[in-house]
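Participant: One structure is given below, represented as structure tokens, and several questions about it will come after.
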Amino acid sequence: MLFDDNSDNEFQLLAIIVIEEEEEMVNEGQTSRRCGSIPGHAVIQHDRVAANSSIEANNGGFSIDLIHRDSPNSPLYNPNETPLDRFNNGIRRAFSHLNRLNMTSSSVHPNAAAETSVSTDNGQYLMKLSIGTPPVDIYGIVDTGSDLMWTQCQPCEQCYKQTNPIYNPAASSSYSTLSCQSAQCHLLGSVSCSPQQLCNYTYGYGSGALTKGVLSTETVTFGSTSIKNIIFGCGHNNTGGFNPNEMGLVGLGATDLSLASQVSSQLRSKKFAYCLVPFHTNPSITSKIYFGDKGEVSGAGVVSTPMVSKDDKSVYFVTLEGISVGDKLIPFNSSGAAPKGNVFIDSGVPPMLLPKDFYNRLEQEVKSLIKLTPYQDPKTGTQLCYQSQSMSDIAPAMSAHFDGGVEVPLIATSTFISPEDGVFCFGMNPKDGDEGVFGNFAQSNILIGYDQDKQIVSFKPTDCTQQ
């Protein structure tokens, strides 16, 4: 089912810092200043992140679960939703992501904002992590197309209702704010100095919503792995239609500010990878994400394509030359070479989203190879669907072809999704504009690695249910 590409769930976050006291402190061997507080909120500031971080990881890397939002293990799980509901909701969330294609960054100014397209209803996967000392559990929406990791912070000026306890920086011995003179403060495109020289940030989400807060550092724990001095946004005023079980966002984008980049750098291996299980996998089986040395994608069957740098530095752009259906290659452009960086890889978007001309030519070829009449049903809208008792009657062999002669086979259960028994729907959709999105349906059962040192994305066909 096709939906409007305007995000209908946005949010706004405002952090207010009131200075009440100033005194010299010593924090983990560093001289720091107690710069001030909201009542009950100690604000600790130091000018740089410590060079040595505490990492408890096996062989320089670790892995953790990625929890699908529709899994019974997810705090967002709705037991009343049917598979068809989840399929349609995934398509809708995909189109609310599309504002990212028009993302802009502004100059450093108190009223300016670095923009991304994440909304409160976006994201297919969550990551469970803990923040602070003692640790507070957080389920954050994972997004490979944004930079900032943030969570709600006490005391709340205006927080949305949250089921789990809200993180209280005053109760954490490892919390520190960043000063606006620090190099880390300027990793985000839009920051400003508070009167107390704290690093205030402004971050735009989709159609005008903003998050404003203070960039800070904390110890973040992933299972048994703890990493100090992770930069994150600490917010005290959060509005905009959040689910009470959403506790923030985990940005895994391409800039140095993203959690993926920070963790990878501290592990001295600037790479990460993930393996997503297919749509209909047993919910007790989770997808995985790997950091550090465990994020290395190697061995038989690995192919790699270059990342492409564009104006939007937070997104992983690559060049899709075409998609083959059976023995026929459908080129991205009907004439001429495919433009560089014409698609970005997004873990938070379910279907593959393709420019209309490319999609229409691809759909026509798919239809020509399926000897069945398309299934029409108001519940599936304009989505290309078929009725059949067997996937083998539906899905032709398909592969994505990337720059560098890279061919990535797409498994049948990723090109056609079964939202209900006996119905199979095409896992791709048309969109406006010239750029596409390589969504998570197409990524399933592929180990996908991001190597920021080599600037490549690697693909390895893998049974992700066995990882």
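Participant: Distance from the Cα centre of segment 301-359 to that of segment 143-174, in angstrom?
Facilitator: 35 Å
Participant: When the Karplus curve 6.51 cos²θ - 1.76 cosθ + 1.60 is applied with θ = phi - 60°, which whole-Hz ³J(HN,Hα) does each residue of segment 397-409 get, with x for Gly and Pro?
Facilitator: 5, 9, 9, 9, 10, 10, 3, x, x, 8, 10, 10, x
Participant: Find how much the distance from residue 268 to residue 158 grows on full extension, using 0.36 nm per residue of separation minus their present alpha carbon separation; answer in nm with one decimal. Write down the numbers at each step before the final one.
Facilitator: Numbers: separation 110, 0.36 × 110 = 39.60 nm, distance 3.89 nm.
The span from residue 268 to residue 158 would gain 35.7 nm if fully extended.
Participant: Okay, next question. Only counting other Cβ atoms within 10 Å, I'd like 68, 401 sorted with the fewest neighbours first.
Facilitator: 401, 68
Participant: Moving on to the next point. Over segment 297-466, calculate the relative contact order: mean separation of alpha carbon pairs under 8 Å at least 6 apart, over the residue count, as a percent. Mind showing how you got there, number by number?
Facilitator: Details: 348 pairs, mean separation 52.9, N = 170.
About 31 percent, as a whole number.
Participant: For residue 282 paired with residue 373, estimate the spin-label separation in nm (one decimal), with each label point 7 Å from Cα along the Cα-to-Cβ line.
Facilitator: Calculated label separation equals 4.0 nm.
Participant: Now for a different question. Treat the count of other C-beta atoms within 10 Å as a stand-in for reagent exposure and order 463, 311 from fewest to most. Write down the numbers at each step before the final one.
Facilitator: Details: 463 12, 311 9.
Placing the least packed residue first, the sequence is 311, 463.
Participant: Can you give the net charge of the other residues whose Cβ lies under 14 Å from the Cβ of residue 442, counting K and R as +1 and D and E as -1?
Facilitator: It works out to a net charge of -2.
Participant: Let me ask something else. Could you give each residue of segment 147-159 its phi-based ³J(HN,Hα) in whole Hz, using Karplus coefficients 6.51, -1.76, 1.60 with θ = phi - 60°, and x for Gly or Pro?
Facilitator: 3J(HN,Hα) across segment 147-159, in whole Hz: 9, 7, 9, 8, 8, 5, 10, 7, x, 8, 6, 7, 9.
Participant: Going by average Cβ neighbours within 10 Å, how do the peptides 273-279, 456-462 rank, with the highest at the top?
Facilitator: Top of the packing list down: 273-279, 456-462.
Participant: Now for a separate question. Name the long-range amide H neighbours of residue 136: under 5 Å, sequence gap of 5 or more, or other chain; modelled H, no Pro or chain starts.
Facilitator: Those lying under 5 Å, H to H, from residue 136 are 131.
Participant: Count charges around residue 269 for me, please; just the other residues with Cβ under 13 Å from its Cβ, Lys/Arg as +1, Asp/Glu as -1. If you can, show how the numbers build up before the last one.
Facilitator: On the way: positive: 268, 270, 271, 294, 454; negative: 293, 296, 451, 453.
With Lys, Arg at +1 and Asp, Glu at -1, the neighbours total +1.
Participant: Can you tell me which of 438-448, 213-223 comes out highest on packing, and rank the rest after it, using the mean Cβ neighbours within 10 Å? Can you show the working numbers first?
Facilitator: Working: 438-448: 24.7, 213-223: 23.1.
Descending packing order for the listed peptides: 438-448, 213-223.
Read-outs throughout are calculated quantities, based only on the coordinates presented, and are distinct from any laboratory measurement. Values in this document were obtained by computation on a predicted structure and should not be read as measured data. Note: ideal-geometry Cβ built from the backbone for every residue, glycine included; neighbour counts use all protein chains shown.
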